[in-house]
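The values are calculated or read from the model by the stated rules, or taken from the named source; none is laboratory data. Note that the structure is a prediction, hence the values are computed from the model and not measured. A quick note on method: Cβ atoms are made from the backbone with ideal geometry, for glycine too, and the neighbour counts reach across all protein chains shown.
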Amino acid sequence: MHLQKIHHLAIICSDYRESKAFYTDVLGLTIIKETYRQQRDSYKLDLALPDGSQIELFSFPNPPTRPSRPEAQGLRHLAFSVEDIDACAAELKSKGIEVEPIRLDELTGKRFTFFADPDDLPLELYEN
């Protein structure tokens, strides 16, 4: 087996319209396809990043909440690679998104920071 890259990551949100606006308007991801599945009363929104990787945004009636932040079992956080972390953090702040102070990864020497999506999923900016 030879895994090549991550194709997509799936996120279940509590408020579809709010999360759709966050991932498209705030983060600037491109909509590939939006599907409403009537039998499940569920939306599936396929979103693309510039490198071809994707996020699948799902809505389901009454999903359980995340147990804790960020050390719940399972996905800890999603990290986005950026060229200029200062500019990206400033842009998020200008859109009303709370961004943690930029820190230095002591293992790699790279700078990073965290912010959250509308459901408090930890998202990271990691500078190249």
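Listed values, structure above:
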| item | result |
| --- | --- |
| Candidate set: the stretch 78-97, residues that are touching a Phe, Trp or Tyr at 6+ places or on another chain (Cβ under 7 Å) and either polar (S, T, N, Q) or part of a loop (DSSP other than H, G, I, E, B) (or both); chosen: the one modelled with the highest pLDDT | I97 |
| Residues of the stretch 1-34 classified as β-branched (V, I, T) and surrounded by fewer than 16 Cβ atoms within 10 Å (Cβ to Cβ), total | 5 |
| The lone exception for D46 - which of (1) modelled with pLDDT of 95 or more; (2) in a loop (DSSP other than H, G, I, E, B); (3) of a type outside the set (G, A, S) it fails | (2) |
| Condition broken by L107, with the remaining ones in (1) surrounded by fewer than 18 Cβ atoms within 10 Å (Cβ to Cβ); (2) among the aliphatic types (A, V, I, L, M); (3) closer than 26 Å to Y16 by Cα satisfied | (3) |
| Condition met for E100 (modelled with pLDDT of 95 or more and in a loop (DSSP other than H, G, I, E, B)) | yes |
| Subset of the stretch 106-128 [in contact (Cβ under 8 Å) with a residue 40 or more places away in the chain, farther than 15 Å from R76 by Cα and assigned to a loop (DSSP other than H, G, I, E, B)] | P118, N128 |
| Which numbered condition S42 misses (of (1) among the small types (G, A, S); (2) loosely packed, with under 12 Cβ neighbours inside 10 Å; (3) farther than 21 Å from K5 by Cα) | (2) |
